[in-house]
Every structure is written in structure tokens, then in C-alpha cells.
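The values are calculated or read from the model by the stated rules, or taken from the named source; none is laboratory data. Every value quoted in this text rests on a predicted model; they were computed, and no experiment measured them. Quick reminder, even Gly has a Cβ in these numbers, built from the backbone with ideal geometry, and neighbours come from all protein chains shown. Side chains included, ligands, DNA and RNA excluded: accessible areas come from the protein's heavy atoms. Shrake-Rupley method; radii C 1.70, N 1.55, O 1.52, S 1.80 Å.
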Amino acid sequence: MTVNVGTTDRNLRAALGAVLLYLAFFSGLSLFATPLFKYGGAIIGVVMLATSTLKMCPIYTILGLKTCKDC
């Protein structure tokens, strides 16, 4: 696994993941009452948190992108 996610990108991914998990399980919004949006948002939130923690994005690897300066 090669590091390809920079600090700013990691912070944005972590924030987005946390917001999606909050919306999916604790917001009470009617949009997230449907299973598609509830569990879809939860899955995307977990993926965002995982890529933030691992500092590696599989899509960036496929596309040959890197957002970190020293990797």
C-alpha cells in the first residue's frame, strides 16, 4: 500500500465521513429514514474514514493521483 493522500485531503475525508455517519444514524432527517440513503451514507462515511486513516485511496492509485507532497 502506497501513501497517496495528503494531510488536507485526509482532514476533509475524515470530516465528511463523520458528517455522513452522523446524518445516517443520528440526524433524524426524513431523507435518511429510507434504507438506501441511510445505509448508503453509512457505507460511504466508513470508506471515507478508512481512506483517511490508511492514507491510501484506491481510486487515486488507479488514476495515478497523489495529494501528498512528500510521497
On the basis of being more than 24 Å from K66 (Cβ to Cβ), under 12 Å from the mean Cα position of the chain (by Cα) and in contact (Cβ under 8 Å) with a residue 24 or more places away in the chain, does L16 make the cut? no
Only one of L65, L49, L21 is open to solvent by 50 Å² or more (accessible area, probe 1.4 Å), of a type in the set (A, V, I, L, M) and without any contact (Cβ under 8 Å) to a residue 60 or more places away in the chain. Can you tell me which? L49
